[in-house]
Amino acid sequence: MDYAERLTVPLRWWAQGTMFVASLWLAVLAATPEAEAIAWTVTAVAIAVLVALLVGYGSPRVVVSDGTLRAGRAHVPLRHVGEVTALDADAVRRLAGVEADARAYLLLRPYLKRGVRVEITDPADPTPYWLVSCRRPHDLVSALEATRARKSAG
């Protein structure tokens with residue numbers, strides 16, 4: 001494996017979610033003081049929903065291994081990858097907004113401002129490029145280039 005990253009949600013999302021659940025518990029407890037079990041039941045359900053949402057949203061992985069780039073559920077062999085560009089926050093915002101191509105594959109997370117643009121050269125694939133959020137875009141670009149260089153040399 002040349003590069004691997006899980007796009008987990010930041011700690012502040014967990015803290016904010018926990019504070020929301022605590023507020024919910026307090027509101028339900030104040031509304032039903034004679035039935036404390038209701039507040040605990042609602043809180044348990046809210047915690048389960050919070051964990052499921054945050055773990056699910058933060059589960060996509062970006063991986064370069066075995067001659068393949070994987071981003072979330074999508075994957076492409078590196079022989080169909082063209083130019084790869086590391087992007088700063090402004091470039092990602094432009095490519096996801098005013099300069100976006102509706103056919104592009106997007107794996108974006110609002111808490112990750114930087115990313116990479118991966119050109120897709122497969123003539124059978126209508127997707128012109130992938131726009132993928134990541135924490136270390138320069139490392140991802142280096143891993144893709146190094147893996148392609150090894151594949152072409154070997």
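Any residue in segment 64-77 that is in contact (Cβ under 8 Å) with a residue 24 or more places away in the chain, under 14 Å from the mean Cα position of the chain (by Cα) and in a loop (DSSP other than H, G, I, E, B)?
yes
Are there any pairs, at least 6 apart or on different chains, whose C-beta atoms fall under 6 Å, with the first in segment 131-154 and among the β-branched types (Val, Ile, Thr) and the second assigned to a loop (DSSP other than H, G, I, E, B), and if so, which?
Thr147/Asp2
So the check is Cβ under 9 Å with 6+ separation or different chains; which pairs have a first residue in segment 12-32 that's farther than 14 Å from Ile47 by Cβ and a second one that's of a type in the set (Asp, Glu)?
Leu29/Glu36
When you scan segment 105-117, do you find a residue that is hydroxyl-bearing (Ser, Thr, Tyr), at pLDDT 95 or above and surrounded by fewer than 16 Cβ atoms within 10 Å (Cβ to Cβ), even just one?
Yes, that holds for at least one residue.
Please enumerate the residues belonging to segment 87-143 that are of a type in the set (A, V, I, L, M, F, W, C), within 17 Å of the chain's Cα centre (by Cα) and not in a helix (DSSP H, G or I).
Leu87, Ala104, Leu106, Leu107, Leu108, Leu112, Val116, Val118, Trp130, Leu131, Val132, Cys134
Each row is one residue, and each column tells you yes or no for (1) surrounded by fewer than 16 Cβ atoms within 10 Å (Cβ to Cβ); (2) not in a loop (DSSP other than H, G, I, E, B).
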{"site": "Val28", "(1), (2)": "no, yes"}
{"site": "Glu34", "(1), (2)": "yes, no"}
{"site": "Trp40", "(1), (2)": "yes, yes"}
{"site": "Val45", "(1), (2)": "yes, yes"}
{"site": "Val51", "(1), (2)": "yes, yes"}
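Answer yes or no as to whether Val81 is in contact (Cβ under 8 Å) with a residue 24 or more places away in the chain, assigned by TED's automatic domain parsing to the domain that holds Pro137, within 19 Å of the chain's Cα centre (by Cα) and surrounded by 16 or more Cβ atoms within 10 Å (Cβ to Cβ).
Judged against the criteria, Val81 is not a match.
The values are calculated or read from the model by the stated rules, or taken from the named source; none is laboratory data. This is a predicted model, so every value here is computed, not measured. Using ideal geometry, Cβ is built from the backbone for each residue, glycine included, and neighbour counts are taken over all protein chains shown.
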